[in-house]
Structure formats: C-alpha cells, structure tokens
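The values are calculated or read from the model by the stated rules, or taken from the named source; none is laboratory data. Bear in mind the structure is a predicted one, so any value in this text is a computation, not a measurement. Here Cβ is always computed from backbone atoms with ideal geometry, including for glycine, and neighbour counts include all displayed protein chains.
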Amino acid sequence: MKYAMVFGYDGRDFSGYQRQLEARTVQGEIEQVLSLLFASPVTLHSSGRTDTGVHAIGQVASFETKLSIDVPSLTRALHRMLPRDIKLKKLVACPETFHPRFDAIGKHYRYICSREDRLFERPYVHFLKETPDLEKMREAIAFLTGVHSFASFSNRRKGERDLRRDLWAIEIHEKQEKILFDLYADGFLYRMARVLIQYLLHVGWGKISPQRTPDILASESRTYTRLLAPPHALYLMHVYYPYDLFA
C-alpha cells in the first residue's frame, strides 16, 4: 500500500532533511518510526531536501509498504511516536503512481526577517541591524521573476545540467517589526532561495543597484552572489500539485 503525508518540522536539531548514517535527520527519524510500525524497513520519498537548520510547514513525502494499516490508526500512531520537532499534518492513501518530487509543479518558501532582536525568536527569524529599502528590492524582483537560468543564484550540484527555473513571484510584506519574503517557483535549485534573499538584502542596503540584476542573471556567475542568508529563518510552506491529493 502507498501513503502520502504532509508534515512540518523544526529544523534546529536536525542535520538537514536527508538520511545520514551518523547524524539526526528528518528523513531518518520518520523512517525509524515507520519501520517500527510496519516491522520492516520503510523508505521515505519527499518533494525535496532542506538544508541543516531550515524548517518546514508543508513538506510532502510518500512511502510504500507490504503491510496495510488503515489511515486513521496509522495517523494516531504517528502522532504518538514521532518526535516533538516533527508534526504530521495529514496522511492519506495515494495512487501507486504518485511521486512527491516528480509530480510537484511548484513550491512556496517563506523567509522571515525582523527589525527587532527578540531572544526567543532568534532560532526562527533573521535579525536585521539595518532596515533595507523595500522598493529597491522590489525593483530587483521585477528582473528576477520569469524563466531564467539561476546559475548566478544557486550552488550547483555535481551533474546538475538544467539550471532554468520559472520564478513566479517574490512578495515582500511588512508585519509589525517583521519583513516577510514569500518566494514562489516551479522549483528551486540548491540553496537558491537563500542566495536570492541575501542578494535582495544587499540591494535593499544599497550595496548593489537593482539595475545590475539582469547582467548578474546573464553572467551565470556567483561573483556578486556569494553569500547566503542564514538557514534558520527559511520555511518550506507548501508544495503544489496539479490535483488536490490531500483534500
């Protein structure tokens, strides 16, 4: 039987999402619980990996098992057995053909900055000592949206050839002392979201003109985009599919 699940996690105490032999990871923790419940090894397939320290609100994964457990019973067991920093949101039986990564048509990430340094928010938001110019950042965003090679705004993985992505939108909202960046695209390259955020902050601080953005995109070089925004303020919010699997 095949199941699909939506879940969130607090990324602070994980060495990233992907299973590792000698480190605590999100995938490793969930697979351990599922393997106990089904009394045999279970492999989790997800919509994608997140870096160490990155959080998720709406990660999606699937797994197949020979043994069948009804969805309500399995849901209750997962709520009881998963660690406190992983939260199951919904579990469903899914078609055998479903794949969380290859069926996805888009993703939404959120990055949270704050102009006020609050002690208990430090693990979850990026404190800014200087307030960026939001209009300058929006000028740069106008050049970034659309279909481009984002080689200048990502860490290229070995063997990765297709670096073109359709960046649907980057929206900036102010909410009291917070500045929220919402990024929407058909997919994100490795560390692309964090590179984009740091670049926009540099634009907002006047370190680089927004008018340079088209040239930086075309250069496919990391000369002006070497820095990454810290991971702890980034959240995977939602994964989009051409159908509502979790209705």
* To do: Taking Y199 as the residue in question, decide whether it is over 30 Å from C94 (Cβ atoms) and buried (at least 16 other Cβ atoms within 10 Å of the Cβ).
  => yes
* Quick one: which residue in Q32, Q20 is under 26 Å from G187 (Cβ atoms) and either in contact with a Pro (Cβ under 6 Å, 6 or more places away or on another chain) or not aliphatic (A, V, I, L, M) (or both)? => Q20
* Asked: With the stretch 1-95 as the region, which strands (runs of 3 or more DSSP E) entirely inside it contain at least 2 residues that are free of Cβ contacts under 8 Å to residues at least 40 places away in the same chain and of a type in the set (S, T, N, Q)?
  -> none
* Residue satisfying condition, being in contact with a Pro (Cβ under 8 Å, 6 or more places away or on another chain) and modelled with pLDDT of 95 or more, within set A93, A140 -> A140
* Within the stretch 25-82, how many residues turn out to be within 23 Å of the chain's Cα centre (by Cα), among the hydroxyl-bearing types (S, T, Y) and farther than 14 Å from K2 by Cα? -> 4
* To do: Take A218 and decide whether it is more than 18 Å from the chain's Cα centre (by Cα), over 25 Å from R118 (Cα atoms) and buried (at least 19 other Cβ atoms within 10 Å of the Cβ).
  => no
* For the stretch 112-129, what are the residues that are in contact with a helix residue (DSSP H, G or I) (Cβ under 9 Å, 6 or more places away or on another chain) and either part of a loop (DSSP other than H, G, I, E, B) or loosely packed, with under 12 Cβ neighbours inside 10 Å (or both)? -> R122, P123, Y124, V125, L128
